Amino acid sequence: RKEKADHLERDLTSRSATQTGAVLVTSPYTAPEQAQGDNSRIDARTDVFGLGAILCAILTGRPPYRGKDVQQLLKEVSDGDTADALTALDHCGAEPDLISLCKRCISAESEARPSDGGAVAQEVAHIRQAAEQRAREAETERAEALVREFEQRKRRRILQRAAASIAFVLLLGIGGVTWALFETIEARDDE
């Protein structure tokens, strides 16, 4: 063990900087062009893929690539095979606009991705603003519904009281007419 540790330490300290052309990646979060080592295609959109991969992991609980073994994982990364991630995104239940953004960010074709992290941030801000607006509108609708319900209950109570008052007046009237009839009948009988 000590020999292995010493060898690893010598190996690490002998490299003071990353060599030009070396590919340092976290495979499940790597853009295809980066995994292929195609330096001519690596640009800000490569970083956008990484942002999308992180967003994918947040939304679905897993990164875009999940090969069963290292070789399958490397093949998925190199091919840009995100089919499983796209399916998982479709079923994650997140905001549709956020899912759409994530799918564009992890596109195998770098041209289909947003131009850079700033563009992603702007889209996220718009999605957030739209969600906040929908939340405000939903709260307003809920408050209006509560007011309408209160008004309807108030009208029902007024109608119930009016109906009760009318019924009471009718009963009094019927009672008065009945009493008057009995009085009239008694007066005739007394004659």
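The values are calculated or read from the model by the stated rules, or taken from the named source; none is laboratory data. The structure displayed is predicted, hence computed values, not measured ones. Note that each Cβ is placed from the backbone with ideal geometry, even for glycine, and that neighbours are counted across all protein chains shown. Remember, those area values only see protein heavy atoms, side chains included, never the ligands or the DNA or RNA. Shrake-Rupley method; radii C 1.70, N 1.55, O 1.52, S 1.80 Å.
Descriptive notes on the structure:
- Once you reduce region 51-87 and region 142-181 to the center of their Cα atoms, the two points are 68 Å from each other.
- Between ILE166 and THR178, the distance separating the two model label sites (each 7 Å from Cα on the Cα→Cβ line) works out to 2.1 nm.
- Nearest-0.05 FRET efficiency for SER27 and GLU144, computed from C-beta distance (R0 35 Å): 0.10
- Computed magnitude of the charge dipole of region 102-167 (debye, nearest 20; Cβ of K, R +1, Cβ of D, E -1): 800 debye
- Take every Cα pair under 8 Å whose residues are at least 6 apart in sequence, average their separation, divide by the length of region 23-111, and the relative contact order is 35 percent.
- Taking the chain as a Gaussian network of alpha-carbon nodes connected by springs under 10 Å, the highest mean-square fluctuation of the residues ILE166, ILE58, ILE42 belongs to ILE166.
- Cα gyration tensor shape for the chain, rounded if a/c is under 1.5, else prolate or oblate: prolate
- Set of aspartates and glutamates with alpha-carbon distance to LYS103 below 14 Å, sequence-local pairs under 8 removed: ASP81, ASP84, ASP90, GLU95, GLU111, GLU123
- Of the solvent-accessible surface of the chain, computed with a 1.4 Å probe over protein heavy atoms with every protein chain present, carbon and sulfur atoms account for 56 percent.
- Computed on the chain, with alpha-carbon pairs under 8 angstrom and 6+ residues apart, the relative contact order is 18 percent.
- Database remark: amide H of GLY67 closer than 5 angstrom to the amide H of LEU73 (H placed geometrically; neighbours at sequence offset of 5 or more, or on other chains; Pro and chain starts carry no H).
- The order of the peptides 112-118, 185-191 by mean Cβ neighbours within 10 Å, most packed first, is 112-118, 185-191.
- A simple charge model with +1 on the Cβ of Lys and Arg, -1 on the Cβ of Asp and Glu and nothing else charged puts the dipole of the chain at about 580 debye relative to its Cα centre.
- Judged by the gyration tensor of its Cα atoms, with axes a ≥ b ≥ c, region 83-191 is prolate; a/c meets the 1.5 cut and a/b is the larger of a/b and b/c.
- Summing Lys and Arg as +1 and Asp and Glu as -1 over all other residues whose Cβ lies under 14 Å from the Cβ of ALA143 gives a net charge of -3.
- Folded to 0 to 90 degrees: helix 117-190 orientation relative to the chain principal axis, Cα: 10 degrees
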